[in-house]
Amino acid sequence: MDCLFCKIIAGDIPSTKVYEDDLCLAFRDINPQAPTHILVIPKAHISGCNGVTEENSGVVAHIFAVIPGIANAEGLTGGYRVVSNCGPDAGQTVPHLHFHILGGRQLNLDMA
Ligand code: 5GP
Ligand code: ZN
């Protein structure tokens, strides 16, 4: 499949991994928007938030269960933000479900 993040999972494109298990992979964003900017993705290809179903949503719960440990390992004691952009209006550029973890500074409180 011609999917950038599937290629990262396969190891065909290098990434700086910070966490991996059977279901998901976390790696540093190539263009960080904050001192810590990590992407967490399911290993199974899901197109984005619109691709989440009753059948595959377990991996979303799993990702949220591993995020606190990733944040703790990054030293994000002051908090962090988890973001998933869905579709062009939100600026989604990679059509494989991903959750941004942003932290390490006071984040902009304007959500839009
Ligand atoms: P989106 O804009 O879809 O919400 O987020 C996609 C993210 O993937 C962007 O923050 C972008 O910097 C990141 N990205 C794009 N290509 C690569 C890559 O080849 N490697 C890594 N590590 N991040 C990438
Ligand atoms: Zn993919």
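Some observations on this one:
- Measuring nothing but how far apart in sequence close Cα pairs (under 8 Å, 6+ apart) lie, relative to its length, the chain scores a relative contact order of 31 percent.
- Ascending count of other beta-carbon atoms within 10 Å, so fewest first, for Leu4, Leu97, Leu109: Leu109, Leu4, Leu97
- For a 4.7 Å threshold on C-beta separation, the list of partnerless cysteines in the chain reads Cys24.
- Computed [θ] at 222 nm, deg cm²/dmol, the chain (DSSP H ≥ 4; -39,500 (n - 2.57); rounded to nearest 500): -6500 deg cm²/dmol
- Convex hull projection area averaged over all views, region 26-112, Cα basis, nm²: 5.8
- A simple count of charges around Gly103, restricted to other residues whose Cβ falls under 13 Å of its Cβ and scoring Lys, Arg +1 and Asp, Glu -1, yields +1.
- Fewest-first ranking of Leu23, Leu76, using other Cβ atoms within 10 Å as the exposure measure: Leu23, Leu76
- Remark: spin-label model distance Tyr19-Ala90 equals 1.9 nm, labels positioned 7 Å along the Cα→Cβ axis.
- Point-to-point label distance, Gln33-Asn108, nm (Cα→Cβ direction, 7 Å offset): 0.8
- Part-to-part distance (alpha-carbon centres) for region 19-38 and region 51-112, which is given in Å: 10
Laboratory data are not the source of any read-out in this text; all were calculated from the coordinates shown. Nothing here was measured: the structure is a model prediction, and the numbers come from that model. No Cβ is skipped: glycine too gets one built from the backbone with ideal geometry, and neighbour counts run over all protein chains shown.
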